[in-house]
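What follows is a set of notes on a single structure, which appears directly below.
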Amino acid sequence: MGTVASFLRPIYTWQNATRRTDERWKKVKTIMATARTRRGANINIGLTDEQREGVIDLLNHDLADTHILIIKTKKHHWDVVGPEFRSLHLLWDEQYATLSENEDLIAERIRQLGGYPAGTAETFIKYSSLKEHPGDVPDAYEMVARLQADHEQVIRNLRQHIDQADERYSDQGTADFLTDLIRGHELMAWMLRSFVEGKEIVPDRQVSAINSEPR
């Protein structure tokens, strides 16, 4: 009996080892399947993984720009003083709300394509093309000028991303989505630009007074 047991023991050991290996392999396959799902491998929308990943990268840069612009807009909303306080305070509150909605839409677009939106301050700073001005509180005119420049930078970025999404990655849906965003930034930039241009215009009565001065 002992001889039989000694003979069978290696077989039992091998069977147990095989069973444990099979269980581990099943776990590995489950983990791999989960990872593929998270990367969007189960998405079949007519775009390759490379195309989707390329568009997701573009969108994360747009998301970062939007987030930094939200921070700057809200900071100026808090800090502005002077005769234009109320009009700019209200204008930036409206633009802040629009930008916040855009940020949510961009993040959702990234998820629709199987990606994950950037979500840390470090990543936003790394991905954004906009610059902050820590410790600097400019006057109302300079605040407007800086935000105008930021919106125009975002508009230029979006034009490039629209072309890349359409021509390089064949994602007309994202190109159309970005086109809607660019219209909003053009509107906000125009409002800010009008304020800056208005400050530079000399009223007619002042022109008349200047021309009538003795020379």
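Considered as a group, the residues in segment 114-135 that are touching a helix residue (DSSP H, G or I) at 6+ places or on another chain (Cβ under 7 Å) and hydrophobic (A, V, I, L, M, F, W, C) include one that is nearest to residue 150 (Cα to Cα), and that residue is 130.
All conditions in (1) within 18 Å of the chain's Cα centre (by Cα); (2) within 22 Å of residue 185 (Cα to Cα) hold for residue 133, with the sole exception of (1).
Only one entry in 55, 28, 81, 4 is modelled with pLDDT under 95, touching a helix residue (DSSP H, G or I) at 6+ places or on another chain (Cβ under 9 Å) and not hydroxyl-bearing (Ser, Thr, Tyr), namely 81. Cβ-Cβ contacts under 8 Å between residues 6 or more apart (or on different chains), taken from a first residue in segment 113-135 that is touching a residue at least 24 places away in the same chain (Cβ under 8 Å) and of a type in the set (Ser, Thr, Tyr) to a second residue that is surrounded by 19 or more Cβ atoms within 10 Å (Cβ to Cβ) and assigned to a loop (DSSP other than H, G, I, E, B), are listed as 127/118. For segment 106-147, a residue qualifies if it is surrounded by fewer than 20 Cβ atoms within 10 Å (Cβ to Cβ) and among the β-branched types (Val, Ile, Thr), and the qualifying residues are 120, 123, 125, 137.
Within the set 119, 198, the sole residue that is at pLDDT 90 or above and either farther than 23 Å from residue 61 by Cα or in a loop (DSSP other than H, G, I, E, B) (or both) turns out to be 119. Quick one: is residue 153 among the polar types (S, T, N, Q) and out of contact with any helix residue (DSSP H, G or I) (no Cβ under 7 Å at 6 or more places or on another chain)? So residue 153 passes the test. If only residues of segment 150-171 that are surrounded by 14 or more Cβ atoms within 10 Å (Cβ to Cβ) and without any contact (Cβ under 8 Å) to a residue 40 or more places away in the chain are counted, the one that is nearest to residue 189 (Cα to Cα) is 152.
Scanning segment 64-78 for residues that are among the hydrophobic types (A, V, I, L, M, F, W, C), assigned by TED's automatic domain parsing to the domain that holds residue 186, part of a helix (DSSP H, G or I) and over 23 Å from residue 193 (Cβ atoms) turns up at least one hit.
The values are calculated or read from the model by the stated rules, or taken from the named source; none is laboratory data. Quick caveat: nothing in here was measured; it's all calculated off a predicted structure. For neighbour counting, all protein chains shown are included, and Cβ atoms are generated from backbone atoms with ideal geometry for every residue, glycine included.
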